[in-house]
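Have a look at the structure below before the remarks.
Throughout, read-outs are computed from the coordinates displayed, never taken from laboratory work. As the structure is a prediction and not an experimental result, all values here were calculated from the model. Using ideal geometry, Cβ is built from the backbone for each residue, glycine included, and neighbour counts are taken over all protein chains shown.
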Amino acid sequence: MIILSSLFSMVLVALLLLLKRNVSQKNTLNQALQLRNEEILQQKKEVLDQKEKLVAINQVKDRILSVIGHDLRSPFTSVIQAMELIKSGVLDEEDKEFVFENFHRQVVSLSELINNLLVWAVSLQTGAPAQKTRLT
């Protein structure tokens with residue numbers, strides 16, 4: 001009887017030790033999991049912040065492209081109209097001279113605009129300040 005109760009006590013102590021070890025491992029794993037969850041939450045917050053910044057940058061880009069498109073469309077329309085007037089042959093010499101002068105101004109202005117846009121685009125890529133240049 002004493003041997004059986006000693007054996008039962010030893011088995012019970014062994015089971016308690018195993019249970020304690022399992023609880024300890026479980027707590028350690030839970031702490032590691034909690035740390036990992038906190039890291040994931042931090043990364044999620046960073047991703048959301050980056051997304052917000054990218055959305056804002058994309059909106060600015062869209063506005064800039066809209067302005068550039070408008071700024072380019074207007075001079076091209078003037079150039080096309082001048083070419084159509086010249087091509088039609090309805091202008092006298094004085095009017096042709098006036099249209100040619102206007103045509104020349106529009107082409108120079110358009111060329112400067114395109115050059116400035118290209119300089120600006122390169123400066124955005126390199127991080128260098130844009131310097132206005134003039135084509136002659």
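Can you tell me how much longer the chain between Lys53 and Asn22 gets when fully stretched, taken as 0.36 nm per residue apart minus their C-alpha distance, in nm with one decimal? Could the numbers behind the result be given before it?
On the way: separation 31, 0.36 × 31 = 11.16 nm, distance 4.60 nm.
Stretched fully, the Lys53-Asn22 segment lengthens by 6.6 nm.
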Under 27 Å from the Cα of Lys61 - lysines, other chains or at least 8 residues apart:
Lys44, Lys45, Lys51, Lys53, Lys132
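Taking each pair of distinct Cα atoms in the range 1-78 once, what is the resulting Kirkwood hydrodynamic radius in Å? Spell out each step's value before the answer.
Numbers: mean 1/r = 0.0528 Å⁻¹.
18.9 Å is the Kirkwood radius here.
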Debye intensity ratio in log₁₀ form over the Cα atoms of the chain, taken at each q of 0.11, 0.13 Å⁻¹
-0.73, -0.84
Modelled label-to-label distance, Gln81 and Leu113, 7 Å Cα→beta-carbon offset: nm?
1.3 nm
Could you run the Debye sum over the Cα atoms of the range 36-100, one equal point scatterer each and no solvent, and tell me log10 of I(q)/I(0) at q = 0.14, 0.17, 0.24 Å⁻¹, two decimals?
-0.64, -0.74, -0.95
If I model a spin label as a point 7 Å beyond the Cα along the Cα-Cβ vector, how far apart are those points for Glu38 and Arg73 in nm?
5.5 nm
